[in-house]
Every structure is written in C-alpha cells, then in structure tokens.
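The values are calculated or read from the model by the stated rules, or taken from the named source; none is laboratory data. In this text, all values refer to a predicted model and were calculated from it rather than measured experimentally. FYI the Cβ positions are ideal-geometry reconstructions off the backbone, even for glycines, and counts take in every protein chain you see.
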Ligand code: FAD
C-alpha cells in the first residue's frame, strides 16, 4: 500500500499524521525545524505554539469549545496532549507549551507507522500528500505552491504578545481574579486609573514600530491586531478591547478599575505570564518602556518580546474541496492555517479531516465531509464556499454553522442548541470514520 507524505509537523501536520497512521497507513512526516527555523518558532518540537499558550474557550457555549469536544471524539492527538498538559486559565483551555509539544513529538516519533525526516521540502511531493507548512511556509516551497495554484498569495500580519517573568511583577499593585469570577482565579490584573491610562495610551501610540517588509501588504486580521494599531483607532477601542475592566473588581478599592491589563499563566510551573491581547509590532526598546508603564510591571523582566510575522494562506474557495483536496489534483491535500482557517485548534481540526481523507484515499474509500451542523464541518464549508474575492481567514464561530431550524433569541440558549446538535452530528460522523479493526 502507498504511504502518505505529510509536510510540516505543526498543529495541522501532526494531527494529520496521527490520523493517517492510526488508520494503518504509513506516513513520511517532513519537518524542517530545527535544521531550518521559521521566524516565529523557537525549537524543533512538533505542534509548537508560537504565541499564546491558550486554545481558547473550554465552554460548549462557545464554537471553539464545541470544536475541541468534536476533536476529542475523533481521537485528536492535539486534544489528548492539551487536556493532559492544561494549566489554570479560568474558562479557557491553556497548556504548558513545552510539555504539550513534547508529548506530541514523542507520540508521533514512536508510532510504528510514522517515519520522521527533519528537512526542508522545496519541491511539491508526489501524492498522496498533505501540505501543512503553515503561515510561515518556507520561501522555496511557497514559490512552488504559487506556481501550482496559479493564484496570488495573500499576505498579512499576525502578532505575538510579550511574556514576562512572574517574579518580576509587583504583586502589591495587581490582583488575581478571573473576569466575572469564572472558573478559578487565573489572571493577574494590572489596574489603571484614568490618569495612568491616559499616560500609557499616549506612550503606546507614540512608540516606534519595527519597519515593514516590502513584500508584505498591510492586511490585518482583526483577531490578532497589534495593540498599538488598535490604540490608534481611539481610546475606546482599548477600553472595550484588550484593556476592558468589566467583570473585574480591585479588592483594594472594591471598585471596577478604569482600565485593566491582564496577564495569563504561560507555563505549568507558573513562572511566566503573557500579556493578554498585547500582540505588538513595537521595537523592543520602546516596547519595554511601554510595558513598564503598566502598574505592577515597572520592573517586569520580559522573556519574550511581542513580534509580528507574515501569514501565508491560499485562496481555498477557488482551490480546495471541502475534503481539503486540491481541486486540480485529488492526491494533494492542504491543511492548517494556510487553508484560511485561523487559530491553533482550527488548524489542528483541518489536519484531522485532511488526515482522515488522505488515509481513505489510499484505502480506496470515498473521502468524507463533516456536516455543517458541526464546528469542524462548518470550517471546511466556510473555506470552500466563501466568495473567493473577499476570502479572509476565520476562527470557529457559530455564524459559520448551518442555521438552526427555529430562531432562538436568547444567546446562551442558541449556543446550547448549536452545541447539542453539533455533538449529535459528530457522533454520526464518528461512526462513518471510525477505524475498523
Ligand atoms: P504551523 O504550526 O506553523 O506548522 C507548520 C510547520 O511546517 C512548521 O513546524 C514549519 O517549521 C514547517 N515547515 C514550513 N515550511 C516547511 C518546508 N518547506 N518543509 C518542511 N517543513 C516546513 N493562533 C492561535 O490560535 N493563537 C495564537 O496566539 C496565535 N498566534 C500566532 C502568532 C504568530 C506569529 C503566527 C504566525 C500565527 C499565530 N497563530 C495563532 C495562528 C495559527 O494558529 C498558528 O500559526 C498555528 O501554528 C498554525 O498551525 P499550522 O499547522 O497551520 O502551522
């Protein structure tokens, strides 16, 4: 029987390799790190989380919570590792990034059906193959992909938030609390008065940013907009965005502060915290000055500065089928961020479906498409049915789901209904794709 080549052992490629190998098909998994690094990854482990350590909401009233639950039921390696290496994060599922990636690397390395090669792929492999080289696909392969697709790549920026050492935070000035006291108290909150906020705001909008590269066009994805770009839209954008104080009460005053900067635990030891929503393109010197204006962070030790990167994705509505197959060559699959799904969980989810289908192709079975009543199916539907002229990457959200038969006005009830229907549908889908022994 043929093997499947998987290119890229990020979130999507790791999940795809696991799904294929689990179906008894041999996999050749190519990952260029650590031989060749991307501008954002730090090491050679698989499924590295390049920015936040959060896989976002754990709640089933949130579409990404539903997506995670669906993936658990489809035997996702990413979800298994995430659940095992979770760290406290209120209503979210956040992980210890090191042990999370370590587990995925070890599990795939030991799998009898997987052979691993640490090398850069510079030519498109013969099919069957899954291309999952992510938003930072190496230049040589990007050029080959561009030639293959015949389409212009779309470029835009993503941004990473800074990480600070907990020990360097002045705990006298901050308080530990989760918004609306949801889950256990998990966030460190730096409260600001109006005067402090105004001073901070002025410094943020004046601070110098790193220069942009010529080939990158200025298209920002709203979900990962640099904090200084948000700030330039006006004070309220921050006060209703990353610095919103709602649901938080400073125990020292008994009141809601004027503005709040939140920090979330970044490793299981609890020694590192990232500044939530503060992805930034500021130069490192000015970045440090601005961060140190935040009450409690006057002496913050920054272990990783916020940075910005190129993001590459293909025009999936024109190029892909909902099975994640390339329209012009059904032996070729795409998965991950480069298909225009946005986010760690979404990338892994697309790898899961591409992997199932690559294995089915080798076995002579029909590829499958999860129904649009599920989160995982709604993403596949979105990236292949949107107007190609206005295609933008997208996180999981209930807006992508097939509409409910009856309109429900109450938001929570509506979300519950979506979730209930999704989990029923995924059970049906699971039966269809379960590996027969
Ligand atoms: P990746 O995880 O990047 O995996 C692709 C892999 O392919 C990499 O390991 C790479 O080394 C390898 N590779 C590339 N080219 C080649 C080649 N030619 N040959 C062999 N191997 C190759 N999402 C979130 O949900 N939360 C965040 O906080 C977040 N922050 C982000 C910050 C940045 C800077 C970027 C760029 C993206 C961020 N994203 C975030 C978006 C997205 O979820 C991640 O990029 C995610 O890792 C995408 O998964 P993937 O599998 O598609 O790509």
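Restricting attention to segment 392-410, which residues are over 18 Å from the mean Cα position of the chain (by Cα) and closer than 25 Å to residue 351 by Cβ?
Matches in segment 392-410: 399, 401, 402.
Look at residue 353 and say whether it is within 17 Å of residue 71 (Cβ to Cβ), assigned to a helix (DSSP H, G or I), within 16 Å of the ligand (Cβ to nearest atom) and over 16 Å from the mean Cα position of the chain (by Cα).
So residue 353 passes the test.
What do you reckon, is residue 191 surrounded by 14 or more Cβ atoms within 10 Å (Cβ to Cβ), more than 16 Å from the ligand (Cβ to nearest atom), at pLDDT 95 or above and not in a helix (DSSP H, G or I)?
yes
Sort out which residues of segment 281-332 are within 15 Å of the ligand (Cβ to nearest atom), touching a strand residue (DSSP E or B) at 6+ places or on another chain (Cβ under 6 Å) and assigned to a loop (DSSP other than H, G, I, E, B), and write them in order of number.
281, 324
Restricting to segment 37-79, what's the tally of residues that are closer than 18 Å to residue 22 by Cα, more than 10 Å from the ligand (Cβ to nearest atom) and not in a helix (DSSP H, G or I)?
Number satisfying all stated conditions: 3.
Give the residues of segment 333-350 that are outside any helix (DSSP H, G or I) and either near the ligand (Cβ under 7 Å from one of its atoms) or within 13 Å of residue 131 (Cα to Cα) (or both), sorted by residue number.
Across segment 333-350, the qualifying residues are 333, 334, 335, 336, 342, 343.
From the set of residues in segment 162-182 that are out of contact with any helix residue (DSSP H, G or I) (no Cβ under 9 Å at 6 or more places or on another chain), at pLDDT below 95 and not in a loop (DSSP other than H, G, I, E, B), which is surrounded by the most Cβ atoms within 10 Å (Cβ to Cβ)?
Per the criteria, the residue is 163.
Any residue at all in segment 385-401 that's within 16 Å of the ligand (Cβ to nearest atom) and surrounded by fewer than 18 Cβ atoms within 10 Å (Cβ to Cβ)?
Within segment 385-401 (the criterion being within 16 Å of the ligand (Cβ to nearest atom) and surrounded by fewer than 18 Cβ atoms within 10 Å (Cβ to Cβ)), the answer is yes, since at least one residue qualifies.
Name the one entry in 94, 89 that is in a loop (DSSP other than H, G, I, E, B), buried (at least 21 other Cβ atoms within 10 Å of the Cβ) and in contact (Cβ under 8 Å) with a residue 40 or more places away in the chain.
Within the list 94, 89, the selection yields 89.
If only one of 17, 86 is within 14 Å of the ligand (Cβ to nearest atom) and at pLDDT 95 or above, which one is it?
Just a single option satisfies the conditions, and that option is 17.
Out of (1) modelled with pLDDT of 95 or more; (2) away from the ligand (no atom under 15 Å from the Cβ); (3) touching a helix residue (DSSP H, G or I) at 6+ places or on another chain (Cβ under 9 Å), what's the single condition that is false for residue 106?
Of everything listed in (1) modelled with pLDDT of 95 or more; (2) away from the ligand (no atom under 15 Å from the Cβ); (3) touching a helix residue (DSSP H, G or I) at 6+ places or on another chain (Cβ under 9 Å), residue 106 misses just condition (3).
Does residue 5 satisfy the condition of being near the ligand (Cβ under 6 Å from one of its atoms) and surrounded by 19 or more Cβ atoms within 10 Å (Cβ to Cβ)?
So residue 5 fails the test.
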